[in-house]
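Before any comments, here is the structure.
The values are calculated or read from the model by the stated rules, or taken from the named source; none is laboratory data. Predicted model, so just to flag it, every value in this text is computed and none were measured. Don't worry about glycine lacking a Cβ; one is built from the backbone with ideal geometry, like all the others, and counts go over all protein chains shown. The protein model used for the area step is the full one, side chains on, heavy atoms only, and it has no ligands, DNA or RNA in it. Shrake-Rupley method; radii C 1.70, N 1.55, O 1.52, S 1.80 Å.
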Amino acid sequence: MLRDISRRLIPVILSLLWGESALAQTRSVDPETGSVTWETQTHGVTLSLTQILPDQARAFYVNRGMPTAATESYAKSCVYMTVLRNDSAPDVVHFRLADWSVVSEAGSQSPIGAATWLKRFEADALSQSARIAFRWAQFPPEQEYQPGGDWNQGMLSTGLPPNSEFDLVARWDVAGEPFEGVLKNVRCAK
Amino acid sequence: MSVVQNRRCRWALLLTAWLVFPVLADLPPLTHGLAPIAEPVDAPMLRLTSMDDEIVDLASLRGQVVVVNFWATWCPPCRREMPSLEHLYQQAGEKGVTVLAVNVGEDEDTVFPFLGTVDPSPTFPILFDTDSSVLTQWRVRGLPTTFVVGPNGKLAYQAVGGREFNHPDLIDQLLQLLEK
């Protein structure tokens, strides 16, 4: 009898879970810039990616004193304005960017963190102010969000070519228990 | 590239720069929660030059509640919460709550014009951490990050990400700290 009930319940539970995760992801377009935002809420955490168009990334960093060559390689690396927020998780949300995955046809890789980019920029001799602006405008490589609204917003480079499509798997832990949020079919700006 | 082309290119980039902010300004609502620091420790040293060319030392502010806000002009949530810090300062400054806004990596030529666009414009001290060394000592991982230092000089609360600092609940929380 128990086996029979569980056999009937499991597909219902799975369909509910699937339905919830499918409904949880939204997609919106900024009418002024054309930038697309993908957002999901799961396990008390909000995760969103907003396309930063290559021209926007170029303008942002050139105006902060970055050399053109450095700006160009970064601007073409499929960059997103990324938000992660602890809305209602029961405890501290902790993540390391190195644990996140960008899954595309090319395979799975972690987003390219600020330290990697700054190493690539070594030959470009960035000024101190440009280096600081670049480092702190990036999404943090590791962070903890206390319950009740801690959050960050920062730029995230996936390293993919323009117009690529990918899934982002963001991973975090709450009191040692692992969780993940997935944004599916995200597209890089052209 | 000719001088004229260079100028055109520069103007195009400046115009595009304005486009960055509408995208980045599409932000979630600001909350007003401050997370208590479980085991309060002494606040790290903070001794920096202000916009008025004065040295401001956190150690000299013992007995007050000090809100230490790390920020930059290019950081959208920092820009967004700045007016609320001034409202907080206006409402609670005379009661013993002060605000120190530590700008990270920028100079007066960049910060001064921005402050003119903030309504109300900040009257609390704006300090310059030009090499981000203070930011590192305070173990900040993202901007904005705000710490509340109690009258005893210990870290009492922390907030990662933008906040509505003039929310009555948050002001009460700070005033209660003065009474402890």
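With a ≥ b ≥ c taken as the square roots of the eigenvalues of the C-alpha gyration tensor of the protein assembly as shown, please select rounded if a/c is under 1.5 and otherwise prolate if a/b is larger than b/c or oblate if it is not? Here the protein assembly as shown falls in the oblate category.
Basic side chains Lys and Arg get +1 at the Cβ, acidic Asp and Glu get -1 at the Cβ, and with that the dipole of the stretch A:26-187 about its Cα centre reaches some 540 debye.
When the surface is traced with a 1.4 Å probe over the full set of protein chains, B:Asp131 keeps roughly 70 Å² accessible. A:Glu32 sits with roughly 150 Å² accessible to a 1.4 Å probe, with DNA, RNA and ligands left out of the calculation.
Mean partner shielding of peptide A:79-91, defined as the number of other chain Cβ atoms within 10 Å of each residue Cβ, is 2.
Counting only protein heavy atoms and a probe of 1.4 Å, the accessible surface of chain A is 54% carbon and sulfur. The heavy atoms of A:Phe179 present about 50 square angstrom of accessible area, all protein chains included, probe 1.4 Å. When only Cα pairs below 8 angstrom with a gap of at least 6 residues are kept, the stretch B:28-179 shows a relative contact order of 37 percent.
Rounded, prolate or oblate: pick one for the stretch B:91-180, where a ≥ b ≥ c are the square roots of the eigenvalues of its C-alpha gyration tensor, a/c under 1.5 means rounded, and failing that, prolate if a/b is larger than b/c, else oblate. It is oblate, given that a/c is not under 1.5 and a/b is not larger than b/c. Expressed as a whole percent, the accessible area of the stretch B:28-179 that falls on carbon and sulfur atoms is 48 (1.4 Å probe).
Name the residue from B:Thr110, B:Leu85, A:Thr26 whose Cα lies farthest towards the positive end of the charge dipole of the protein assembly as shown, charges +1 on Cβ of Lys and Arg and -1 on Cβ of Asp and Glu. About the Cα centre, the residue reaching furthest to the positive side is A:Thr26. A cut-off under 15 angstrom between Cβ atoms defines the neighbours of B:Asp42, and their net charge, with Lys, Arg +1 and Asp, Glu -1, is +2. Considering only alpha-carbon pairs that sit under 8 angstrom and 6 or more positions apart, the relative contact order computed for the stretch A:81-148 is 53 percent. Residues in chain A average 48 Å² of solvent-accessible surface per residue, probe 1.4 Å, ligands and nucleic acids excluded. Dipole of the stretch B:28-179 computed with +1 at Lys/Arg Cβ and -1 at Asp/Glu Cβ about the Cα centre; of B:Ile37, B:Val134, B:Val148, farthest Cα towards the positive end is B:Ile37. Plainly put, the stretch B:28-179 has a radius of gyration that is 0.92 times its Kirkwood radius, both from alpha-carbon atoms, as the Rg/Rh ratio. Of all lysines in the structure, those lying under 22 Å Cα to Cα from A:Lys76, and not within fewer than 8 positions of it along the same chain, are A:Lys119, A:Lys184, A:Lys190. Shielding value for B:137-149 is 3, the average number of Cβ atoms from other chains within 10 Å of each residue's Cβ. Buried surface between chains B and A: roughly 3000 Å² of accessible area, summed over both sides, computed with a 1.4 Å probe on protein heavy atoms only.
In percent, rounded to a whole number, the relative contact order of chain A is 24, using alpha-carbon pairs under 8 Å and six or more apart.
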